[in-house]
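Sharing a structure here in structure tokens format.
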Amino acid sequence: MRLFYILIITALLLSYSQPTLAVSGTDGQLIKSADSTAVYIVIGSNRYVFPDLKTYQSWHGDDFSAVKTVSSDELISHTLKGNVTHKPGSLIKIQTDPKVYEVKDDQGSISTVADEATAIASFGANWATLVRDVPDAFFVNYQILILTSPTAPVETPTTTPPITPTSTIPIVFDQTPATPSLESSNLIRISNNQLADDSADIAWTDGSYGVTWIQGDNLYFNYIQSSTLGIGSPSKINGSGVKAKAAQLTWDGDYFAVVWKGEIDGQTNLYFSKLGDDGRIWVNQKKIETIDSDSTVSITDNDDNKYAVAWDKSLTNSSDQKEIFFANLDDTGVVKNSIVQITTSDSKASSQPRVLWNNTNYGIFWQDQRDGNAEIYYNQVDTTGARINSDIRITNADGVSASPSITWDGTTYGLVFADSRAGTDYYFNRVYAGGSKFMLTDKKIVGPSSTIGEGVDITYLNNYYYLAATYKTASAKPDDGAETYLIKITDSGEKWIETRLTYNPWQSSNPVIAESNDSVGIIWTDGRATCENCGLNEPKRNELYFVKIDED
């Protein structure tokens with residue numbers, strides 16, 4: 001733990017000479033010299049020092065793999081400009097002042113935590129363990145937000161109410177028409193707040209399910225123990241000032257990797273974050289690329305704990321110019337080689353990519369308009385980003401084919417998608433890595449009616465494919481909402497089991513599914529928690545729900 005100590009005097013001098021120079025601890029190259037353990041972040045031609053280990057850990061945890069050792073000449077070629085402050089959202093204090101402060105932004109603005117009740121409400125019962133001491137000499141790098149006059153900096157209260165760990169929250173079905181007795185005893189409610197939750201994803205760690213979701217403008221992570229269904233404490237992933245929009249999650253065997261969209265100053269960026277199975281952040285908010293506000297993003301990992309990301313992005317201001325892009329990432333989220341444009345630039349939109357490792361290459365499925373109506377296309381990309389084939393058309397029907405979801409069974413991709421060729425429904429097929437289809441005709445997944453809801457996802461477990469899908473019920477509900485179903489199908493696309501998971505008058509939407517060793521976990525957004533005894537014409541607020549379904 002001797003890191004940073006050799007150049008601590010330099011950091012102390014900077015704390016006096018340039019007290020306001022503070023920068024983000026992620027958007028730049030991390031470097032050190034062979035002669036010292038001090039770590040710097042390079043922004044343009046300047047370098048900024050992490051003044052102590054705790055400051056570094058607030059941004060990167062104990063992960064030093066991204067730190068590059070450079071020569072002394074290269075180090076001094078970057079002008080030393082100032083200190084890095086703690087990551088936004090951190091709690092800090094100094095020994096000579098009893099007050100606790102929250103770091104509000106990348107520039108070191110801080111605000112006082114009013115009292116213990118406020119700290120518990122905002123950061124949980126273990127808030128005190130999160131507080132880090134800052135040496136008095138470095139405290140001058142921070143600026144306290146004080147309410148003194150209309151022209152003074154004004155502290156803006158957070159718009160996101162605190163999340164209460166939900167393991168103690170009872171499942172309450174407030175709506176009279178609901179029939180909760182028909183629902184699984186393994187059903188739990190993950191979120192409980194006054195804001196809508198959406199854009200959830202789920203992954204399995206061989207012991208627990210990791211979950212990400214968007215609440216208001218923030219991206220959260222939590223985990224659910226498979227054996228007890230106990231829920232951990234949620235972790236906020238995005239930094240202060242960055243509005244999270246959507247995220248995708250993968251588990252590489254050691255860590256969760258998250259690729260997500262975040263908006264800052266009117267610009268939407270694609271970010272990478274990495275977390276332990278307990279939610280501790282190891283790599284945070286690594287910027288990959290500037291993208292569109294409505295871009296779809298997807299992430300996968302390979303056998304070497306490296307990652308690949310696919311997304312769609314407009315080449316012009318027209319949505320007709322969307323194309324698919326791909327990037328290989330190392331284990332810290334740094335782009336290897338270069339960002340690759342997968343689809344050819346034309347006047348037809350390519351969108352909604354899904355990428356997944358097939359033990360040799362990355363397979364990418366997407367929706368493409370080149371044929372006059374939307375169809376599903378496929379290609380492979382190797383670990384350098386090179387395309388393996390010409391683009392392969394997977395669907396060929398009069399209707400719109402959209403929103404592909406995929407899983408890898410060891411031999412083929414299981415593919416499910418929405419299609420309007422014969423009444424809107426979900427269809428299934430299997431696709432070999434080379435692009436040929438296992439079945440000549442796509443298999444329609446028949447539900448309780450021909451009207452599908454919002455979303456379908458697929459996974460593979462012990463020779464069967466499992467789908468989490470939303471359908472409208474056979475008899476219309478008061479709000480005409482959809483219910484969530486689990487569908488188990490054979491390798492030839494025949495339905496084996498269909499189980500209805502939700503029974504309430506509010507709409508279920510956007511389910512995602514992940515397999516464990518002997519069960520599947522499904523999360524979705526559900527409007528049942530709108531309010532106590534609320535009427536059907538009152539505003540609906542989605543909350544996040546989870547259910548574990550055993551294989552048998």
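The values are calculated or read from the model by the stated rules, or taken from the named source; none is laboratory data. What you see is a predicted model; the values in this text were computed from it and never measured. Reconstructed Cβ throughout: ideal geometry from the backbone, glycine too, with neighbour counts over all protein chains shown.
Within the stretch 107-145, restricting attention to residues that are assigned to a loop (DSSP other than H, G, I, E, B) and touching a Gly at 6+ places or on another chain (Cβ under 7 Å), which residue is farthest from Ser233 (Cα to Cα)? Talk me through it step by step, then tell me what you get.
So the first thing to find is which residues in the stretch 107-145 are assigned to a loop (DSSP other than H, G, I, E, B), and the list is 107-108, 113-115, 124-126, 134-135, 140-142, 145.
Among the residues that remain, those that are also touching a Gly at 6+ places or on another chain (Cβ under 7 Å) are: 141-142.
On the way: Asn141: 31, Tyr142: 28 Å.
By that ranking, first place goes to Asn141.
Now, a different point. Of the conditions (1) of a type outside the set (S, T, N, Q); (2) closer than 20 Å to Thr296 by Cα; (3) modelled with pLDDT of 90 or more; (4) out of contact with any Asp or Glu (no Cβ under 7 Å at 6 or more places or on another chain), Tyr377 fails just one. Which one is it?
Answer for Tyr377: the failing condition is (4).
Which of the residues belonging to the stretch 403-423 are touching a residue at least 24 places away in the same chain (Cβ under 8 Å) and surrounded by fewer than 17 Cβ atoms within 10 Å (Cβ to Cβ)?
So the first thing to find is which residues in the stretch 403-423 are touching a residue at least 24 places away in the same chain (Cβ under 8 Å), and the list is 403-410, 412-419, 421, 423.
Asp409, Gly410, Gly423, listed by residue number.
Something else about it: Can you name every residue in the stretch 228-258 that is assigned to a strand (DSSP E or B) and closer than 20 Å to Ser295 by Cβ? Let's see the steps before the verdict.
Here is the first cut: in the stretch 228-258, the ones assigned to a strand (DSSP E or B) are 231, 235-236, 243-251, 256-258.
Within the stretch 228-258, Lys243, Ala244, Lys245, Ala246, Ala247, Gln248, Leu249, Thr250, Ala257, Val258 meet the criteria.
Of all residues being in a loop (DSSP other than H, G, I, E, B) and of a type in the set (S, T, N, Q) in the stretch 373-402, which is surrounded by the most Cβ atoms within 10 Å (Cβ to Cβ)? Just the residue, please.
Pass one, the stretch 373-402, residues in a loop (DSSP other than H, G, I, E, B): 373-374, 382-386, 388-391, 394-400.
Retained after the next criterion (residues that are of a type in the set (S, T, N, Q)): 373, 383-384, 389-390, 395-396.
Details: Asn373: 15, Thr383: 16, Thr384: 10, Asn389: 13, Ser390: 8, Thr395: 26, Asn396: 11.
Checked the stretch 373-402; the qualifying residue surrounded by the most Cβ atoms within 10 Å (Cβ to Cβ) is Thr395.
Restricting attention to the stretch 339-362, does a residue exist that is buried (at least 22 other Cβ atoms within 10 Å of the Cβ), touching a residue at least 24 places away in the same chain (Cβ under 8 Å), more than 20 Å from Tyr413 (Cα to Cα) and within 19 Å of the chain's Cα centre (by Cα)?
The answer is no, given that none of the residues of the stretch 339-362 is buried (at least 22 other Cβ atoms within 10 Å of the Cβ), touching a residue at least 24 places away in the same chain (Cβ under 8 Å), more than 20 Å from Tyr413 (Cα to Cα) and within 19 Å of the chain's Cα centre (by Cα).
Additional query: Do we find a residue being within 20 Å of Thr296 (Cα to Cα) and modelled with pLDDT under 95 anywhere in the stretch 431-453?
Looking through the stretch 431-453, at least one residue is within 20 Å of Thr296 (Cα to Cα) and modelled with pLDDT under 95.
While we're here: Quick check: anything in the stretch 498-513 at pLDDT 80 or above, among the aromatic types (Phe, Trp, Tyr) and touching a strand residue (DSSP E or B) at 6+ places or on another chain (Cβ under 9 Å)? Break it down stepwise before answering.
Of all residues in the stretch 498-513, those at pLDDT 80 or above come to 498-502, 508-513.
Checking which are among the aromatic types (Phe, Trp, Tyr) leaves us with none.
Looking through the stretch 498-513, none of the residues is at pLDDT 80 or above, among the aromatic types (Phe, Trp, Tyr) and touching a strand residue (DSSP E or B) at 6+ places or on another chain (Cβ under 9 Å).
Taking Thr228 as the residue in question, decide whether it is within 13 Å of the chain's Cα centre (by Cα), without any contact (Cβ under 8 Å) to a residue 60 or more places away in the chain and farther than 24 Å from Ile41 by Cα.
When the stated conditions are applied, Thr228 does not pass them.
Take the stretch 100-124 and flag every residue that is buried (at least 16 other Cβ atoms within 10 Å of the Cβ), more than 14 Å from Thr55 (Cα to Cα) and touching a strand residue (DSSP E or B) at 6+ places or on another chain (Cβ under 9 Å).
Correct list: Val100, Tyr101, Lys104, Ser109, Ile110, Ser111, Val113, Ala119, Ser122, Phe123.
Then there is this: All but one of (1) at pLDDT 90 or above; (2) surrounded by fewer than 23 Cβ atoms within 10 Å (Cβ to Cβ); (3) touching a strand residue (DSSP E or B) at 6+ places or on another chain (Cβ under 7 Å); (4) of a type outside the set (A, V, I, L, M, F, W, C) hold for Asp254, so report the exception by its number.
(3)
Quick check on the stretch 89-99: of everything there that is of a type in the set (A, V, I, L, M, F, W, C) and surrounded by fewer than 22 Cβ atoms within 10 Å (Cβ to Cβ), which residue is farthest from Arg280 (Cα to Cα)? Working first, answer last.
Keep residues of the stretch 89-99 that are of a type in the set (A, V, I, L, M, F, W, C), which gives 91-92, 94.
Imposing the further condition that a residue be surrounded by fewer than 22 Cβ atoms within 10 Å (Cβ to Cβ) reduces the set to 91, 94.
Details: Leu91: 15, Ile94: 24 Å.
Among residues in the stretch 89-99 that are of a type in the set (A, V, I, L, M, F, W, C) and surrounded by fewer than 22 Cβ atoms within 10 Å (Cβ to Cβ), the one farthest from Arg280 (Cα to Cα) is Ile94.
Further question on the same structure: Any residue that is farther than 28 Å from Gln57 by Cβ and basic (Lys, Arg) - is there at least one of those in the stretch 352-361? Steps first, please.
So in the stretch 352-361, the residues farther than 28 Å from Gln57 by Cβ come out as 352-361.
Then drop every residue that is not basic (Lys, Arg), which leaves 354.
For the stretch 352-361, residues farther than 28 Å from Gln57 by Cβ and basic (Lys, Arg): present.
Give the residues of the stretch 176-208 that are modelled with pLDDT of 70 or more, in a loop (DSSP other than H, G, I, E, B), more than 20 Å from the chain's Cα centre (by Cα) and within 20 Å of Gln507 (Cβ to Cβ), sorted by residue number.
Once the filter is applied, which keeps residues that are modelled with pLDDT of 70 or more, in a loop (DSSP other than H, G, I, E, B), more than 20 Å from the chain's Cα centre (by Cα) and within 20 Å of Gln507 (Cβ to Cβ), the stretch 176-208 yields Glu183, Ser184.
Applying the selection to the stretch 52-100, what residues are farther than 21 Å from Asp115 by Cβ, more than 30 Å from the chain's Cα centre (by Cα) and not in a loop (DSSP other than H, G, I, E, B)?
Thr69, Val70, Ser72, Asp73, Glu74, Leu75, Ile76, Thr79, Leu80, Lys81, Gly82
Which numbered condition trips up Gly414, out of (1) within 22 Å of Arg354 (Cβ to Cβ); (2) out of contact with any helix residue (DSSP H, G or I) (no Cβ under 9 Å at 6 or more places or on another chain); (3) modelled with pLDDT under 95; (4) among the small types (Gly, Ala, Ser)?
Condition (3) is where Gly414 drops out.
Further, regarding this structure: From the list Ser226, Ser208, which one is polar (S, T, N, Q), out of contact with any Leu (no Cβ under 7 Å at 6 or more places or on another chain) and surrounded by fewer than 21 Cβ atoms within 10 Å (Cβ to Cβ)?
Working: Ser208 fails: surrounded by fewer than 21 Cβ atoms within 10 Å (Cβ to Cβ).
Among Ser226, Ser208, only Ser226 is polar (S, T, N, Q), out of contact with any Leu (no Cβ under 7 Å at 6 or more places or on another chain) and surrounded by fewer than 21 Cβ atoms within 10 Å (Cβ to Cβ).
Could you check, for the stretch 421-430, whether at least one of its residues is at pLDDT 95 or above and of a type in the set (S, T, N, Q)?
Yes - at least one qualifying residue is present in the stretch 421-430.
Would you mind stating whether Lys322 is among the charged types (D, E, K, R), surrounded by 17 or more Cβ atoms within 10 Å (Cβ to Cβ) and either touching a Ser or Thr at 6+ places or on another chain (Cβ under 6 Å) or at negative phi (or both)? Write out each step before concluding.
Details: among the charged types (D, E, K, R): yes; surrounded by 17 or more Cβ atoms within 10 Å (Cβ to Cβ): yes; either touching a Ser or Thr at 6+ places or on another chain (Cβ under 6 Å) or at negative phi (or both): yes.
So Lys322 fits the description; yes.
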